[in-house]
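Worksheet for the structure shown next.
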Amino acid sequence: EWECKLILIPGSDATFLCLPPVEILCRPCVSDEQCAPDGLQLAGYMCLSFGEEEGSFCSRACEDTKDCEKGYLCREQPSFSRGDELQTYCIPESEVCACSDAAIDDEAKTNCALSNELGSCSGTRQCGPQGLSECSASLPEAEICNGGDDDCDGLLDEDVVSAPCAKGNG
């Protein structure tokens, strides 16, 4: 069953196209190319960040909530803007994206990060049978002498205070 959808192509008038039903909105992504159905790369589909811990998900430019699918609202939010231009996008009413059956089958994923005052560690979130995973990143910790990058800054064991080694024998 095909659906008639309003497509907003930058620099053109709004256009209605008949498309096969594809669950693109809220699909985890790492680039805009993963969000645009074939042939509609200029139709306003984008990979938008929902925050570093949540990751990025596919959305579509809109002018009004009636332009979005059921369960989505057309929202203007500074965190979703590109450059100086504040745009509106179809965002789930709950403001939380879940994995569709198609995203689970494709094991769709997005980048994420966990941060605190010690640094920021990168990871991923992926769709699986139980839904969208938590961010795989570790929480940054103070550096200790262990040959690892505990604060995720790319340096191993930096700023670790060395202690004198006492060695004795009989």
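Quick notes on this one:
- What the Cβ-Cβ distance of residue 118 and residue 94 gives, at R0 = 41 Å and to the nearest 0.05, is a FRET efficiency of 0.85.
- Förster radius 45 Å - calculated FRET efficiency between residue 144 and residue 49 (Cβ-Cβ, nearest 0.05): 0.90
The numbers here are math on the coordinates, done by the rules we state, and not lab data. In this text the structure is predicted, and so the values were computed from the model without any measurement. Glycine gets a Cβ as well: all are built from the backbone with ideal geometry, and neighbour counts include every protein chain shown.
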